[in-house]
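*Asks:* Sharing a structure with you now.
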Amino acid sequence: PLLTDDDLGDLQALYDQMNNAADPDGQLAAREHFYIRLSSATGRPRLVGLIARLRQEVARALRWPTLQHAPLIHEHFFEAVRDGDADRAVAQLTNHYRRVALLIRRYLREAEAKERTMAPADRRGFK
């Protein structure tokens with residue numbers, strides 16, 4: 001396992017911040033720090049940079065009400081990480097990403113349908 005006790009301690013503190021955040025923006029910021037810190041344990045700065053850029057690309061979408069989800073998803077993932085169960089952690093994260101992708105597609109379809117039903121003058125401010 002790549003994670004040291006220090007890594008796990010840092011991740012636990014970030015996970016606690018994520019769960020104790022006062023608002024969704026604080027929760028999202030703590031979640032971003034958590035996942036970037038986890039990625040940094042690989043010791044591959046280029047990979048961490050790529051992951052950070054990808055997460056940044058979807059950060060706006062993660063603020064959509066449609067994509068709000070229970071912290072239980074991250075709890076199950078972090079339990080697998082703490083237990084050193086890479087297969088379970090991968091399965092948890094894969095399922096989570098599939099669900100988020102599904103929700104993003106649904107949100108975009110609904111927004112597109114809403115835009116089509118609006119009068120042309122109303123569409124200018126919609127996006």
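*Asks:* Cβ contacts < 8 Å: first residue on the phi > 0 side of the Ramachandran plot, restricted to the stretch 41-57; second residue open to solvent by 50 Å² or more (accessible area, probe 1.4 Å), any location; separation 6+ or different chain. Result?
*Replies:* Note: pairs meeting the criteria are G43/L2.
*Asks:* Quickly run through the stretch 84-121 and pick out the residues that are free of Cβ contacts under 8 Å to residues at least 12 places away in the same chain, part of a loop (DSSP other than H, G, I, E, B) and surrounded by 11 or more Cβ atoms within 10 Å (Cβ to Cβ).
*Replies:* Once the filter is applied, which keeps residues that are free of Cβ contacts under 8 Å to residues at least 12 places away in the same chain, part of a loop (DSSP other than H, G, I, E, B) and surrounded by 11 or more Cβ atoms within 10 Å (Cβ to Cβ), the stretch 84-121 yields D85, M118.
Yes/no per residue for (1) more than 17 Å from A89 (Cα to Cα); (2) open to solvent by less than 70 Å² (accessible area, probe 1.4 Å); (3) β-branched (V, I, T); (4) modelled with pLDDT of 95 or more:
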position: N19; (1), (2), (3), (4): yes, yes, no, no
position: D23; (1), (2), (3), (4): yes, no, no, no
position: G26; (1), (2), (3), (4): yes, yes, no, no
position: H33; (1), (2), (3), (4): yes, no, no, no
position: R55; (1), (2), (3), (4): yes, yes, no, no
position: R60; (1), (2), (3), (4): yes, no, no, no
position: W64; (1), (2), (3), (4): yes, yes, no, no
position: Q68; (1), (2), (3), (4): yes, no, no, no
position: P71; (1), (2), (3), (4): no, yes, no, no
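*Asks:* Which residues, taken from the stretch 20-35, are over 17 Å from A80 (Cα atoms) and either among the acidic types (D, E) or in a helix (DSSP H, G or I) (or both)? Give the derivation first.
*Replies:* Applying the first criterion (over 17 Å from A80 (Cα atoms)) to the stretch 20-35 yields 20-30, 32-33.
Correct list: N20, D23, P24, D25, G26, Q27, L28, A29, A30, E32, H33.
*Asks:* In addition: Would you please name the residue that is nearest to F77 (Cα to Cα), looking only at residues in the stretch 18-36 that are touching a Lys or Arg at 6+ places or on another chain (Cβ under 9 Å), of a type outside the set (F, W, Y) and without any contact (Cβ under 8 Å) to a residue 24 or more places away in the chain?
*Replies:* So the residue we want is I36.
The values are calculated or read from the model by the stated rules, or taken from the named source; none is laboratory data. Computed from a prediction, not measured in an experiment: that's the story for all the values here. Glycine also receives a Cβ, built like all others from the backbone with ideal geometry; neighbour counts cover every protein chain displayed. Note: areas computed on protein heavy atoms with side chains; ligands, DNA, RNA excluded. Shrake-Rupley method; radii C 1.70, N 1.55, O 1.52, S 1.80 Å.
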